[in-house]
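Worksheet: the structure to be examined is printed underneath.
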Amino acid sequence: MTEAAIADHGLIGDLQTAALVSTDGSVDWFCCPRFDSPSVFGALLDDERGGHFRIRPHHDYASRQMYFPDTAILITRFTTEAGMGEVVDFMPPAGSVATGNHQLARMVRCIRGEMTFEVDVAPRFDYGRRAHTLDLSASGAVFGTDALTLTMHAVREPADERLATVRVEENDLHLTIPLTAGQVRGVVLESDAGGPPREIRVAEFERMFHETAAYWRTWLHRCTYTGRWRETLQRSAITLKLMTYAPSGGLVAAPTTGLPEQVGGERNWDYRYTWVRDASFSVYALLRLGFTEEAAQFSRWMRDRVSERVGGEGGPLNIMYRVDGSSDLKEESLEHWSGYRGSRPVRIGNGAADQLQLDIYGEALDSIYFADRRGLEVGHRGWTEIRELLDWLAAHWDQPEEGIWETRGGRQDFTYGRLMSWVAFDRGIRMAATHGRPAAVAAWTQARDAIYDQIMEKGWNRDRGAFVQHYGSPVLDSSLLRMSSVGFIAPHDPMWASTLRAMDSELVTDSLVYRYDPEASPDGLLGSEGTFSLCSFMYVDALARAGRVEDARLAFEKMLTYANHVGLFSEEIALSGEQIGNFPQAFTHLALIDAAITLDAELDRANARR
């Protein structure tokens, strides 16, 4: 069987873990009991050894996929010559207390005519490294290892005819279920069930469905955005919520690992962790949508990391953490997996965790400052920790670092790292003045002003007529698209307009934007990559602020065409237009939200002037 494309998947989840379901009805990725746990189903990275949970028609079919409106419930619809049917997939929210108990619910129904479904449950525990047992009963099955047990409950009425034909092959379960119009069956796969398999009546299953739908609709009702792209932003908001670990508030960069930035290449990283940078952006984006509770939780997560100060060589903060806030992210490769379309190595863990990336301090302070202005004020303890962080930064900002893109080609004086260090001091000074808090304002001001002068002197390349990636280099870098949005430079400044024109000619291809040119600026890795969708939406934001509103709108509308069939974006877009990189990516959806809100405001201003 050919592996499904990255974009051929929808996302479901219960706020502690998530699953990817393909358009052919296969759960191709699922980690349990949380996002960064070992996988149970991993066919997305190795169809033969990864494991899957597939429900699809026995005969040739066409399929379509959609979300139940305003929810994270996924519906995969099948048509054959004999009839129509569908599989409804969802995970009831698991709550805000960490638990090993998770439910993956799959309802199967025939809508018209008749349809025979094939159900294959083939788990591969611990990334396929741990064998499992299978115990069958009249009500379901138990797939077990010494570390994790999955119980499969059958969905049917007690008096229902036993329609399924059962076959066992090497401890995998295969069912054939013939249905006619109106008949409903299904299964619920549950971890840490606390009991044997049981028959779940259709009414109970439907209650689970309605309660899950009500949860998502109630949550989404809090969204205050009413602009031009309401449905698009709401889908992005739901996607971000699906990638949030409720017990801690940590947002994973993506629920997947190992999906390549270049098919067949080595740029395959584990994104199932919480980056300080992503969490900071999420506070900003979600507050702009009206989700103050999530923003407050992210802010608390951030302040806990500042308070712990468990960082190593990279300073008081690590650049990323596990979803529970721990910092053990040892990197290793799954040598027994072939990788997505042969893209190896498949990595778990992330060796970039201890890098020195100075920009994270600016992103953390910017989000805390923005939240403070929106009523989520910093208390005494939090302010004390912010002071300590900025005092550390005052002594360490002027040094080479690895930069935002986690390059492995050696440290440089990255302009973006200096820019965000400027932001850190600027926001700290503003907060001290607003609340009359004690602080080393003179030292912070001296550092802020020194950074400004240094960027203008060394970060500006007169020959290029642009701000560049790092000092002494002619290379452009799209991370600097944030220079105007953070207030470092006026959006109509001639130096900024010149920088945008330089990026137009070198980094931008239609609406798509590259991070940088790895050939001009070696990053220690082989191969190339696609355009980075985060940067494409940052480009829209920068264009809108610079007064190029029509250019911004066209670029934004074009970017929306690269979403998959249910509105999800991966990390990058390949030359072919396909989605590549880990999927879905939080950073992309965060930048989409920011770009849309900024563009809305600029379009309204432009219309008011007409």
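The values are calculated or read from the model by the stated rules, or taken from the named source; none is laboratory data. Given the structure is predicted, the values throughout are model-derived calculations rather than measurements. Note that each Cβ is placed from the backbone with ideal geometry, even for glycine, and that neighbours are counted across all protein chains shown. Surface accessibility is based on the protein's heavy atoms, side chains included, excluding ligands, DNA and RNA. Shrake-Rupley method; radii C 1.70, N 1.55, O 1.52, S 1.80 Å.
Amide hydrogen proximity for residue 258: with H placed 1.01 Å from N in the peptide plane, the residues at 5 or more positions away or on another chain lying under 5 Å are 269, 270, 271, 347.
Its Cα gyration tensor gives the stretch 428-468 an equivalent ellipsoid. The semi-axes, each the square root of 5 times an eigenvalue, are 31, 10, 5 Å from largest down. Close amide-amide hydrogen proximity is noted between residue 466 and 461, each under 5 Å apart and 5 or more residues distant or on a separate chain (H modeled in the peptide plane; Pro and chain starts excluded). Classification of the stretch 159-218 by its C-alpha gyration tensor yields an oblate form. The axis ratio a/c (a ≥ b ≥ c) is 1.5 or more, and b/c is at least a/b. Neighbours of residue 546, meaning other residues whose beta-carbon lies under 14 angstrom from its beta-carbon, give a summed charge of 0 when Lys and Arg score +1 and Asp and Glu score -1. Neighbours of residue 609, meaning other residues whose beta-carbon lies under 14 angstrom from its beta-carbon, give a summed charge of -1 when Lys and Arg score +1 and Asp and Glu score -1. Taking Rh as the Kirkwood radius computed over C-alpha pairs, what is the Stokes-Einstein D of the chain at 4 °C in a medium of viscosity 1.567 mPa s, expressed in µm² per second? Using the Kirkwood radius from Cα pairs, D works out to 52 µm²/s. Charged side chains reduced to their Cβ positions (Lys and Arg at +1, Asp and Glu at -1) give the stretch 562-610 a dipole of some 280 debye around its Cα centre. Each Lys and Arg adds +1 at its Cβ and each Asp and Glu adds -1 at its Cβ; summed about the Cα centre, the stretch 299-456 shows a dipole of about 440 debye.
The angle separating the long axis of helix 441-454 from the principal Cα axis of greatest extent in the chain is about 90 degrees. Between 403, 149, 164, the Cα set farthest toward the positive side of the dipole of the chain (charges on each charged residue's Cβ, about the Cα centre) is that of 403.
Residue by residue, the stretch 605-610 carries 3J(HN,Hα) couplings of 5, 5, 5, 5, 7, 7 Hz when phi is fed to the Karplus relation 6.51 cos²θ - 1.76 cosθ + 1.60 (θ = phi - 60°); x denotes Gly or Pro. Think of each Lys and Arg Cβ as +1 and each Asp and Glu Cβ as -1; about the Cα centre, that makes the dipole of the chain roughly 1640 debye. Across the stretch 53-66, rounded Karplus estimates of 3J(HN,Hα) from the backbone phi angles (6.51 cos²θ - 1.76 cosθ + 1.60, θ = phi - 60°) give 9, 10, 10, 7, x, 5, 9, 3, 8, 10, 9, 9, 9, 8 Hz, Gly and Pro being marked x.
Ordering 489, 564, 531 by Cα displacement along the dipole of the stretch 474-566 toward the positive end leaves 489 in first place; charges were set at the Cβ atoms of Lys, Arg (+1) and Asp, Glu (-1). Rolling a 1.4 Å probe across all protein chains gives residue 112 an accessible area of roughly 150 Å². Considering only 183, 256, 226, and ranking their Cα positions along the charge dipole of the stretch 178-281 that arises from unit charges at the beta-carbon of Lys, Arg, Asp and Glu, the one farthest toward the positive end is 226.
Rolling a 1.4 Å probe over the heavy atoms of the protein chains gives the chain an accessible area of 36 Å² per residue.
With a 1.4 Å probe rolled over the protein heavy atoms of all chains, the accessible area of 330, 241, 558 falls in the order 330, 558, 241, largest first. Relative to the longest principal axis of the Cα atoms of the chain, helix 494-506 runs at roughly 40 degrees. Element breakdown for the chain at a 1.4 angstrom probe: carbon and sulfur atoms account for 47% of the accessible area. Shape call for the stretch 419-540 from the C-alpha gyration tensor, a ≥ b ≥ c root eigenvalues: rounded (a/c under 1.5), prolate (a/b greater than b/c) or oblate? Prolate is the answer for the stretch 419-540, as a/c is 1.5 or above and a/b outweighs b/c. Applying the Karplus relation 6.51 cos²θ - 1.76 cosθ + 1.60 with θ = phi - 60° to the stretch 557-566 yields 3J(HN,Hα) values of 4, 5, 4, 5, 6, 8, 5, 7, 5, 10 Hz, where x marks Gly and Pro. Once the Cα atoms are used to define both axes, helix 380-396 deviates from the longest principal axis of the chain by about 60 degrees.
Proximity of backbone amide H atoms, modeled 1.01 Å from N, is registered between residue 476 and 469, 517 at under 5 Å, excluding neighbours fewer than 5 places apart on the same chain.
What does the charge count around residue 71 come to, taking other residues whose C-beta lies under 12 Å from its C-beta (Lys +1, Arg +1, Asp -1, Glu -1)? Net charge around residue 71: 0.
Counting only protein heavy atoms and using a 1.4 Å probe, the accessible area of residue 167 comes to about 120 Å². Helical runs (DSSP H, four residues minimum) scored at -39500 (n - 2.57) apiece and divided by the length of the chain put the mean residue ellipticity at 222 nm at -10500 deg cm²/dmol. For the stretch 338-484, the square roots a ≥ b ≥ c of the C-alpha gyration tensor eigenvalues yield an a/c of 1.5 or more together with a/b not exceeding b/c, which makes the shape oblate.
Over the stretch 191-312, the hull volume per residue, using the convex hull of the C-alpha atoms, is 203 Å³.
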